[in-house]
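Contents: one structure, followed by commentary.
The values are calculated or read from the model by the stated rules, or taken from the named source; none is laboratory data. No experiment lies behind these values; they were computed from the predicted model shown. Every residue, glycine as well, gets a Cβ built from its backbone with ideal geometry; the counts of neighbours run over all protein chains shown.
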Amino acid sequence: MRRVILIAVPYLWLLALFLVPFVIVLKISLSDAAISIPPYTPTLDLSAGWQGIRDFLAALDFENFVWLTQDDLYWKAYLSSLWIALASTAMTLLAGYPIAYGMARAPEEWRPTLMMLVILPFWTSFLIRVYSWMGILSQEGVLNQFLLWLGVIDRPLMILNTNTAVYIGIVYTYLPFMILPIYAALDRMDNSLIEAAEDLGCSRLTAFWLVTVPLSKNGIIAGCFLVFIPALGEFVIPSLLGGSRTLMIGKVLWEEFFSNRDWPVASAVAVVLLLILVVPIVLFQRNQERQQEAEK
């Protein structure tokens, strides 16, 4: 009985907070838009019992999903989001790996302090941190004023309301999610393997590529997934830091829900986005299972 209860708790959690909301969104995506409250006409009437289900199946169509393939806005938004998420993940990895490596090689007494500094941004509201970058990247912001003072530029740079600002915001926001799993992998690594590689004739750089990087592969994969998955559906950062030309599916989804009030199409966009995210989530889960098997 204890085993059943232990297994049932996470499944009930997924049922209540994931499966049920997903079914509701899927139901709305198969409905028709209407000028009403809520702004759609349900095609599935559960109060009618089996007759309502039979009527729903008889009139079932995927018109809203077909519309996503016909309008260039949606597939361009998906492709743009994929590209921004992939590029941001790569840049976060390039920035996060040296930090994690430095933390893992730091003296033992310094590691808790360095860990606290990485986690410290989470103590501040996510929205406030993004707003602060608006003040930093604006034409009258701290960055432009500093560069003008140094004489590096002779006029302010246009960074805010561009894709560059979106990349900066995503990398800054999700950098801890990249650092922590890589640091965990590097911290568990046996340093004697590096010494053995150097004794066998490898330089420090060669030993790093042949020993350190492969042994930290699980941390790299975990960090990349932890950054890519939320970055793909990001809404706040492109809305505040990106301009009108910044096209991401999270931004389109918000506009469909709240500006156009086309809930069926917006729900179809959300369902497709979720199906896209299922692929990296499944791959991440399989990587975690392989890691646990390897540790055993």
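Just to be sure I understand, how many residues within segment 83-92 are touching a residue at least 24 places away in the same chain (Cβ under 8 Å) and either among the small types (Gly, Ala, Ser) or surrounded by fewer than 21 Cβ atoms within 10 Å (Cβ to Cβ) (or both)?
5
Among the residues of segment 245-296, what is the count of those that are of a type in the set (Lys, Arg) and modelled with pLDDT of 85 or more?
The total comes to 2.
State all residues of segment 173-209 that are more than 18 Å from Met103 (Cα to Cα) and buried (at least 16 other Cβ atoms within 10 Å of the Cβ); if no residue qualifies, say none.
Thr173, Ala197, Cys202, Ala207 - these are the residues of segment 173-209 that are more than 18 Å from Met103 (Cα to Cα) and buried (at least 16 other Cβ atoms within 10 Å of the Cβ).
Could you give every pair whose Cβ atoms fall below 6 Å, whose first residue belongs to segment 204-215 and is closer than 13 Å to Asp190 by Cα and modelled with pLDDT under 90, and whose second residue is surrounded by 16 or more Cβ atoms within 10 Å (Cβ to Cβ) and among the hydroxyl-bearing types (Ser, Thr, Tyr), counting only separations of at least 6 or pairs across chains?
Note: no pairs meet the criteria.
Residues being of a type outside the set (Ser, Thr, Tyr), surrounded by 11 or more Cβ atoms within 10 Å (Cβ to Cβ), closer than 23 Å to Trp67 by Cα and over 29 Å from the mean Cα position of the chain (by Cα): count how many of those fall in segment 1-46.
Residues meeting the conditions: 7.
Considering Gly141, Gly169, which residue is buried (at least 17 other Cβ atoms within 10 Å of the Cβ), touching a residue at least 24 places away in the same chain (Cβ under 8 Å), in contact with a helix residue (DSSP H, G or I) (Cβ under 7 Å, 6 or more places away or on another chain) and not β-branched (Val, Ile, Thr)?
Answer to the selection: Gly169.
How many of the residues making up segment 73-112 are closer than 20 Å to Leu275 by Cβ and not aliphatic (A, V, I, L, M)?
Qualifying residue count for the region: 8.
What are the residues in segment 8-37 that are of a type in the set (Phe, Trp, Tyr) and under 22 Å from Val272 (Cα atoms), if any?
Answer for segment 8-37, where residues must be of a type in the set (Phe, Trp, Tyr) and under 22 Å from Val272 (Cα atoms): Phe18, Phe22.
Could you list all residues from segment 247-284 that are among the hydroxyl-bearing types (Ser, Thr, Tyr) and either surrounded by fewer than 19 Cβ atoms within 10 Å (Cβ to Cβ) or more than 18 Å from Trp75 (Cα to Cα) (or both)?
Ser259
So is Val227 closer than 30 Å to Gln288 by Cβ and assigned to a helix (DSSP H, G or I) or not?
yes
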